[in-house]
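The values are calculated or read from the model by the stated rules, or taken from the named source; none is laboratory data. Not measured: the values here are computed from a predicted model. Positions of Cβ are backbone-derived with ideal geometry, glycine not excepted, and every protein chain shown enters the neighbour counts. Quick note on the areas: whole protein, heavy atoms, side chains included, nothing else; ligands and nucleic acids left out. Shrake-Rupley method; radii C 1.70, N 1.55, O 1.52, S 1.80 Å.
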2 protein chains.
Amino acid sequence: MQLNDLLSQTSEWLKATGAESEIVMSSRVRFARNLKSLAFSHWADEKQKEEILGKTKQTLLKNSYLKNSLFLLMDELNDLDKQFLVERHLISRELAASGSCKAVDISEKEIFSIMINEEDHLRLQVIQSGLELKESLRLLDTLDSELQKDFEYARNPRWGYLTACPTNVGTGMRASVMIHLPALVMTKRIGKVLESVARINLAVRGLYGEGTEASGNFFQISNQITLGHSEQELVDNIDRVIKQVVEYERRARELLLKNSRYQLEDKIWRAYGILANARIISSLEAINLLSVIRLGANLSIVKKVDIRSINELFITTQPAHLQKIEGKDLNPQQRDLKRADLLRDKLK
Amino acid sequence: MQLNDLLSQTSEWLKATGAESEIVMSSRVRFARNLKSLAFSHWADEKQKEEILGKTKQTLLKNSYLKNSLFLLMDELNDLDKQFLVERHLISRELAASGSCKAVDISEKEIFSIMINEEDHLRLQVIQSGLELKESLRLLDTLDSELQKDFEYARNPRWGYLTACPTNVGTGMRASVMIHLPALVMTKRIGKVLESVARINLAVRGLYGEGTEASGNFFQISNQITLGHSEQELVDNIDRVIKQVVEYERRARELLLKNSRYQLEDKIWRAYGILANARIISSLEAINLLSVIRLGANLSIVKKVDIRSINELFITTQPAHLQKIEGKDLNPQQRDLKRADLLRDKLK
């Protein structure tokens, strides 16, 4: 498998096959792990980093979940390829930043991705379509257990897994869902809903995680606490909350259909009309209009485009994807043209 | 011919058959005339108004240009029908306002329309597609000469034709063109062009004449002066000025195509996308977007809709037309839905 093979495939989590996938785009669980007796990444010298990379690579490559995986050394990738992986949610922006001995191993369907020498020695990630946190945890747990056969993790009997950043100590787990809440935004109920989510110690972020703005009515909701509860408990808690939020969004959609159907249809069809006809379109405008069409497709108002194609467009209209598709560097103006071409092609 | 027959026909002036019709929508010439020895309309009592109506009706109905014409008494029309005629530029808003013995006679293809007991006893109007002021004047002159065989006009050897308002005295003629100048607006040159037009004593107005705003980049340019020059001289002057303005607009279009083709195409296709997909659309938004598509069709950027259909939509999306098409009264919200339906139907 080569990096460019990803271009022609749809990430598994975009396929809208999971539970509640008309509202929950994806579920992600990530474990932070560090090898015992080796300095944490930020403190490790070159030799130690190489040792971490060597050890983990060897173990990963023989893992059954990672058969035919794509192992990539960051040093061997150009900026465009790194940005491309960030856009696909396969690596973090931190891994993409400069630094030696950084790598990622990506499973065939892009369900697993394991980052090496990011903030922690290992960041194990699973990402799936829809609300599938429990299944994601199960999968990641299995992978994690396999890996533990080969090496010992830094762990404290009282605190649990030790991590580079104290906020991850304990389970080392971050479980998050990316949730699409256009009706709660349109009915101006989103603020109240997100406030109550924040009150029970869940974090709310934008489309590309920490420090990014919520755009396209997408929100990432994840656990803040990693300590004092089991992985299962933490995941059960988020799962319960998300189910509630899904229910609120569903009610808001019903309300819109009942009280302002024409306005809603108008908004959705205008978004479609612009995306299917514009010649120049920015990334942000594309995300915001695709968001509206996604709602339209979920409500069977727009029938000519399926959810899967719309989900894909959120990713393929990103800057690095456009340049990879085109096979060359494009400046922002050229990207806005290319993005419009792609959208017209896919939406007609 | 019945009033409702107009609904299924396209006014001749909308057919884009005249000279420069990609920029000049229509040419209109109007004569104000009053019968000698009868009080002007504003001063006339009921009996005199009836006399004016009777005399002129009789004469008009036997005129060869007005064969099979539609003779309508305002008193017999409801508000919707009157508004419908205003939207088609066949009667003035003044004629549509209350008052007795008002009437209009409309020729078969809507080229001629003669208003009776408006501000003057008679307002003779000819309207044609494109820049056809000279031919319009010729046609109206012929009609006028025919009518003069039957009755004598109020006329002063020194001043010429006498009219209710002193601004019309002399020729009693108002010649105007409705001109579409989107590229001059987009390139921000319109102000300068209209200023120089105003400096040579031509009036600039909006789509529905005096007191209306310019919308959809349409401007009505007409003579201010009716006195001291022959009809031919006045028309020649406007014709020369309009040819110059047409040339400016043409150059501005070339400039846009040369310097900002993508931006222009984007603007045009977005307008198309919205009009062909929206579910709710106001009259003003429709005019403004149709204006952009009209430019697109003229530049062969949008090929799926012809100019004639676009020209027609400026009129058929007006409130009274929508209600006549629907066959019943519609409130503003209902009209916005119906307008969007009509636009989708015609633009797809």
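Return the residues of segment A:286-299 that are away from every other protein chain (no Cβ under 14 Å) and open to solvent by less than 30 Å² (accessible area, probe 1.4 Å); say none if nothing qualifies.
Residues satisfying the conditions are A:Ile287, A:Leu290, A:Ser291, A:Arg294, A:Leu295, A:Ala297.
Looking at B:Val245 and the list (1) in a helix (DSSP H, G or I); (2) within 14 Å of another protein chain (Cβ to nearest Cβ); (3) not aromatic (Phe, Trp, Tyr), which single condition is not satisfied?
Against the list (1) in a helix (DSSP H, G or I); (2) within 14 Å of another protein chain (Cβ to nearest Cβ); (3) not aromatic (Phe, Trp, Tyr), B:Val245 comes up short only on (2).
Determine whether segment B:52-65 contains at least one residue that is touching a residue at least 12 places away in the same chain (Cβ under 8 Å), touching a Gly at 6+ places or on another chain (Cβ under 8 Å), assigned to a loop (DSSP other than H, G, I, E, B) and open to solvent by less than 80 Å² (accessible area, probe 1.4 Å).
No, that holds for no residue.
Report the residue count in segment B:320-335 for those that are under 17 Å from B:Arg88 (Cβ atoms) and among the polar types (S, T, N, Q).
The number of residues fulfilling the criteria is 1.
Quick test of your reading of the structure: B:Asp239 fulfils all but one of (1) out of contact with any Lys or Arg (no Cβ under 7 Å at 6 or more places or on another chain); (2) surrounded by fewer than 22 Cβ atoms within 10 Å (Cβ to Cβ). Name the failing condition by number.
Going through (1) out of contact with any Lys or Arg (no Cβ under 7 Å at 6 or more places or on another chain); (2) surrounded by fewer than 22 Cβ atoms within 10 Å (Cβ to Cβ) one by one, B:Asp239 breaks only (1).
Which one is nearest to A:Gly130 (Cα to Cα) among residues in segment A:305-348 that are open to solvent by 20 Å² or more (accessible area, probe 1.4 Å), of a type in the set (A, V, I, L, M) and under 21 Å from the mean Cα position of the chain (by Cα)?
Of everything passing the filter in segment A:305-348, A:Ile307 is nearest to A:Gly130 (Cα to Cα).
Between a first residue in segment A:110-130 that is on the phi < 0 side of the Ramachandran plot and a second residue that is open to solvent by 10 Å² or more (accessible area, probe 1.4 Å) and among the acidic types (Asp, Glu), which pairs have beta carbons less than 8 Å apart while being 6 or more apart in sequence or on different chains?
As it stands, the answer is A:Ile111/A:Glu12; A:Glu118/A:Glu94; A:Glu119/A:Glu94; A:Ile127/A:Glu12; A:Gln128/A:Glu12; A:Gln128/A:Glu135; A:Ser129/A:Glu12, since those pairs meet every condition given.
Quick check: anything in segment A:170-183 aliphatic (A, V, I, L, M) and modelled with pLDDT under 95?
There is no residue in segment A:170-183 that is aliphatic (A, V, I, L, M) and modelled with pLDDT under 95.
Just name the residue that is farthest from A:Thr226 (Cα to Cα) out of those in segment A:170-199 that are open to solvent by 20 Å² or more (accessible area, probe 1.4 Å) and aliphatic (A, V, I, L, M).
In this case the residue turns out to be A:Met186.
Might you let me know whether segment A:336-344 holds any residue that is more than 13 Å from chain B (Cβ to nearest Cβ) and either at pLDDT 95 or above or not in a loop (DSSP other than H, G, I, E, B) (or both)?
Yes, there is a match, as at least one residue in segment A:336-344 is more than 13 Å from chain B (Cβ to nearest Cβ) and either at pLDDT 95 or above or not in a loop (DSSP other than H, G, I, E, B) (or both).
Which of the residues that make up segment B:6-36 are farther than 17 Å from B:Leu140 by Cα, of a type in the set (S, T, N, Q) and outside any loop (DSSP other than H, G, I, E, B)?
Scanning segment B:6-36 gives a single hit, B:Ser8.
Going by the structure shown, is A:Ser113 among the hydroxyl-bearing types (Ser, Thr, Tyr), within 29 Å of A:Ile307 (Cβ to Cβ) and at pLDDT 95 or above?
It is true that A:Ser113 is among the hydroxyl-bearing types (Ser, Thr, Tyr), within 29 Å of A:Ile307 (Cβ to Cβ) and at pLDDT 95 or above.
With the requirement that a residue be part of a loop (DSSP other than H, G, I, E, B) and without any contact (Cβ under 8 Å) to a residue 60 or more places away in the chain, what does segment B:166-187 give you?
The one that is part of a loop (DSSP other than H, G, I, E, B) and without any contact (Cβ under 8 Å) to a residue 60 or more places away in the chain: B:Val169.
Take B:Thr10 and decide whether it is in the same structural domain as B:Cys165 (by TED's automatic domain parsing) and closer than 30 Å to B:Gly160 by Cα.
no
Out of (1) closer than 29 Å to A:Arg261 by Cα; (2) open to solvent by 40 Å² or more (accessible area, probe 1.4 Å); (3) at pLDDT below 95, what's the single condition that is false for B:Ser283?
(2)
Take A:Glu152 and tell me if it is closer than 23 Å to A:Asp75 by Cβ and in contact with a Lys or Arg (Cβ under 8 Å, 6 or more places away or on another chain).
When the stated conditions are applied, A:Glu152 does not pass them.
Give the residue that is nearest to B:Val193 (Cα to Cα), with candidates limited to residues of segment B:242-253 that are under 20 Å from the mean Cα position of the chain (by Cα) and surrounded by 21 or more Cβ atoms within 10 Å (Cβ to Cβ).
Going through the qualifying residues, I end up with B:Val245.
Take A:Val302 and decide whether it is within 14 Å of chain B (Cβ to nearest Cβ), surrounded by 17 or more Cβ atoms within 10 Å (Cβ to Cβ), out of contact with any strand residue (DSSP E or B) (no Cβ under 7 Å at 6 or more places or on another chain) and assigned to a loop (DSSP other than H, G, I, E, B).
yes
Got a number for residues in segment A:253-285 being part of a loop (DSSP other than H, G, I, E, B), in contact (Cβ under 8 Å) with a residue 12 or more places away in the chain and more than 10 Å from chain B (Cβ to nearest Cβ)?
Here the count works out to 1.
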